[in-house]
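**Student:** Submitted below is the structure of interest, expressed as structure tokens.
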Amino acid sequence: MFISTRLRASAPSAVRSIASASAVAAAPSRSALHLRSSLLSRNFCSTPTRQRNFYQRTTRTLEDVFYFRQRTWFFSGILISILATVPIIMATREYIALSDAETLTAFTPSGQLEKEIEEKINTHPLTLSLRSNPDFTESRPTLKLSPTYRPSSLTSGVLSGPRKIVVPPFTWAEEEGKSMTTIMYLGEDLCGHPGIVHGGLLATLLDEGLARCCFPALPNKIAMTASLTMNYRKPTPAGNYYVLRAKTVKVEGRKAWVEGHIETLPKDGEEPVVMVEANALMIEPKQAKVC
């Protein structure tokens, strides 16, 4: 009786032990679960290669490029930079046809307005003052370009002529790229709003003027605009005379920081009015020294 009672009492624990053992035997290991899930995801969750859409194919291609072909992209970037810069530098050196002194006699005014503008600028006190200063060299930069290139130039060709930039601007550059002064006349066909010179043209004039100012201060006398910041102070009426002033404020190796503005050409006893201001960072291309 004691034995049977003990066996009867221990029966539940035995059953539990057998159930636990069966559960352990039936439960898969972690590695087995991971293998099973990976097989399931590979067989049922992934898209077959031949059925992937364009986005998936493109994404896979980009991953291959950026993660496995970094060296190729790096050296390709250097090659592209060289190929893009060298023609510009070579063209810059080839299309200069006239010296500073030769540009002063390269333009002959023909129309009545051209003659009046030339006379006005040539006799203005600012012009006489700059011409008497030995530290400044006079030129008309838009006339330095070869006739072959001039028609495709924005300021020397496209925007020059009657009712636009009527006569080639006069420029005085201080030695070693310290400063520069340009006197010009902007006609009535250069407007954005009616009667107001287009802001994009003013930015173009300052971009070229600030770059030209710092050229002599750089090792190979050439630079490209890295940044240009504009501050439009007042509307600029068309059909008027203006003065562009620029100065190089800092030079470090191939970099030059330049500031400038466009102001009115004052009449006797008047103070000039600043219309627009700008500052720029100009950088000489690394390839300039090998061209």
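**Student:** Which residues in the stretch 262-291 have a backbone N closer than 16 Å to a point placed 7 Å from the Cα of Lys234 along the Cα-to-Cβ line?
**Tutor:** 262-278
**Student:** May I ask which residue of Leu186, Thr148, Ala226 lies farthest towards the positive end of the charge dipole of the stretch 95-290, with charges of +1 (Lys, Arg) and -1 (Asp, Glu) on Cβ and the Cα centre as origin?
**Tutor:** Farthest towards the positive pole: Ala226.
**Student:** In the stretch 217-291, what trypsin sites (Lys or Arg not before Pro) fall in a loop by DSSP, with at most 14 other Cβ atoms inside 10 Å?
**Tutor:** Values: sites: Lys221, Arg233, Arg245, Lys247, Lys250, Arg254, Lys255, Lys267, Lys286, Lys289; in loops: Lys221, Arg233, Arg254, Lys267.
Those that pass, being in a loop and sparsely packed, are Lys221, Arg233, Lys267.
**Student:** So between Leu154 and Asp189, what do we pick up on full extension, going 0.36 nm a residue minus the alpha carbon distance?
**Tutor:** Numbers: separation 35, 0.36 × 35 = 12.60 nm, distance 1.43 nm.
Value of the extension gain: 11.2 nm.
**Student:** Follow-up. Once both labels are modelled 7 Å past Cα along the beta-carbon direction, what's the Arg131-Ala106 spacing in nm?
**Tutor:** Simple spin-label model gives 2.0 nm for this pair.
**Student:** Sort the stretch 95-290 into rounded, prolate or oblate with this rule: let a ≥ b ≥ c be the square roots of the eigenvalues of the Cα gyration tensor; rounded if a/c is under 1.5, and if a/c is not under 1.5, prolate when a/b is larger than b/c, oblate otherwise. Display every interim value, and only then the final one.
**Tutor:** On the way: a/c = 1.41, a/b = 1.28, b/c = 1.10.
Because its axes are fairly even, with a/c under 1.5, the stretch 95-290 counts as rounded.
**Student:** Can you flag which of Lys234/Lys255; Lys221/Lys286; Lys221/Lys255; Lys144/Lys234; Lys255/Lys289; Lys164/Lys247 are past 22 Å Cα-Cα?
**Tutor:** Over 22 Å Cα-Cα: Lys234/Lys255; Lys144/Lys234; Lys164/Lys247.
**Student:** Oh, and also: I want the local charge near Asp100. Using Cβ-Cβ distances under 10 Å, sum +1 for each Lys or Arg and -1 for each Asp or Glu among the other residues. Walk me through the numbers before you get to the answer.
**Tutor:** Working: positive: Arg140, Lys144; negative: Glu102, Glu138.
It works out to a net charge of 0.
**Student:** I need the phi-derived Karplus couplings for the stretch 273-279: 6.51 cos²θ - 1.76 cosθ + 1.60, θ = phi - 60°, integer Hz, Gly and Pro marked x.
**Tutor:** Result, ordered by residue: 10, 6, 9, 8, 10, 7, 9 Hz.
We did not get these values from a lab; they are worked out from the coordinates using the rules stated. Worth saying up front: this structure is predicted, and the values here are computed from it rather than measured. Because the Cβ atoms are built from the backbone with ideal geometry, glycine has one as well, and the counts that use them run over all protein chains shown.
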